[in-house]
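K.L.:
Questions regarding the structure given below will be posed in turn.
The values are calculated or read from the model by the stated rules, or taken from the named source; none is laboratory data. A quick note: this is a predicted structure, and the numbers were derived from the prediction, not measured. So basically every Cβ, Gly included, is an ideal-geometry build from the backbone, and we count neighbours across all protein chains shown. Protein only, heavy atoms only, side chains kept; ligands, DNA and RNA dropped before computing areas. Shrake-Rupley method; radii C 1.70, N 1.55, O 1.52, S 1.80 Å.
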Amino acid sequence: METSPRTLTDQSPADPSATDDLLATQPIGYWSGLAHTVVTRHLRDAMAGIDVTQPQYWVLNRVNGAPPAPTRAEVAVQLTPPAEADHEVARAVDQLLHRGWLRTDDGQRLHLTETGESARSRLRGMVTELRAVVHDGIDDEDYAAALKVLRRMIANVERATS
């Protein structure tokens, strides 16, 4: 199978008002960073209104969906990479234990309490509504295509730097 020759597109400075015909010249770092900032702020502001953090929501989902029940260390290993700081996940676990949304068993494995499951369920409904705002006017095919492009860019960079 023959691959097409690599084409180089000139990189323009970031321009929020760039027209569609110039988008291919725009820097991915600017646009992916801006999307991350705007979407994360949208989610975190809504969660703050009900006194929940995004890392707490991550922990509730991780504990809910992982038989066998995970330990604090297992949760931290999985969730620290997307966190903004190394201590965020451990802090979220402590906060959820203090609230009574999580409990530990004799083996120090984390479990949702009834209150924790109720909160997780309510949060999931809220996040689904927030996602609808972010995805307004974007069909699932376009969304999936955008993620495929991002995954390919990540793989390209990882391959180039290894």
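K.L.:
Do you know which residues across the range 89-122 are closer than 17 Å to P70 by Cα and of a type in the set (S, T, Y)?
P.N.:
T104, T113
K.L.:
Pick from the range 112-128 the residues that are β-branched (V, I, T) and part of a helix (DSSP H, G or I): which of them is surrounded by the most Cβ atoms within 10 Å (Cβ to Cβ)?
P.N.:
V127
K.L.:
Scan (1) at pLDDT 95 or above; (2) within 21 Å of D45 (Cα to Cα); (3) assigned to a loop (DSSP other than H, G, I, E, B) for the single condition G137 breaks and write down its number.
P.N.:
(2)
K.L.:
Could you identify the single residue in R109, R72, R131 that is among the charged types (D, E, K, R), on the phi < 0 side of the Ramachandran plot, surrounded by 10 or more Cβ atoms within 10 Å (Cβ to Cβ) and in contact with a Pro (Cβ under 7 Å, 6 or more places away or on another chain)?
P.N.:
On the way: R72 fails: in contact with a Pro (Cβ under 7 Å, 6 or more places away or on another chain); R131 fails: in contact with a Pro (Cβ under 7 Å, 6 or more places away or on another chain).
On inspection, the qualifying residue turns out to be R109.
K.L.:
I would also like to ask the following. Check whether at least one residue in the range 21-37 is within 30 Å of L102 (Cα to Cα), surrounded by fewer than 16 Cβ atoms within 10 Å (Cβ to Cβ) and not polar (S, T, N, Q), and report yes or no. Before you say what the answer is, go through the steps one by one.
P.N.:
Quick first cut of the range 21-37, residues within 30 Å of L102 (Cα to Cα) only: 36-37.
Those still in the list that are surrounded by fewer than 16 Cβ atoms within 10 Å (Cβ to Cβ) too: 36-37.
In the following step, the residues that additionally are not polar (S, T, N, Q) were identified as 36.
Yes, because at least one residue in the range 21-37 is within 30 Å of L102 (Cα to Cα), surrounded by fewer than 16 Cβ atoms within 10 Å (Cβ to Cβ) and not polar (S, T, N, Q).
K.L.:
Kindly establish whether H98 is in contact (Cβ under 8 Å) with a residue 40 or more places away in the chain and either farther than 16 Å from W58 by Cβ or loosely packed, with under 15 Cβ neighbours inside 10 Å (or both).
P.N.:
Taking the combined requirement at face value, the residue does not satisfy it.
Residue-wise test of (1) modelled with pLDDT of 95 or more; (2) more than 23 Å from G33 (Cα to Cα).
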site	(1), (2)
V52	yes, yes
A76	no, yes
R99	yes, yes
L102	yes, yes
S118	yes, yes
I154	no, no
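K.L.:
Right, here's the next one. Given the options A73, A18, A69, name the one that is under 30 Å from R109 (Cα atoms) and in a loop (DSSP other than H, G, I, E, B).
P.N.:
So the residue among A73, A18, A69 that is under 30 Å from R109 (Cα atoms) and in a loop (DSSP other than H, G, I, E, B) is A69.
K.L.:
Sticking with this structure for a sec: Which members of the range 105-130 meet the condition of being of a type in the set (V, I, T) and touching a residue at least 12 places away in the same chain (Cβ under 8 Å)?
P.N.:
Within the range 105-130, T113, T115, V127 qualify.
K.L.:
Only one of these conditions is not met by A144: (1) open to solvent by less than 70 Å² (accessible area, probe 1.4 Å); (2) of a type outside the set (V, I, T); (3) within 23 Å of G49 (Cβ to Cβ); (4) assigned to a helix (DSSP H, G or I). Which number is it?
P.N.:
For A144, the exception is condition (3).
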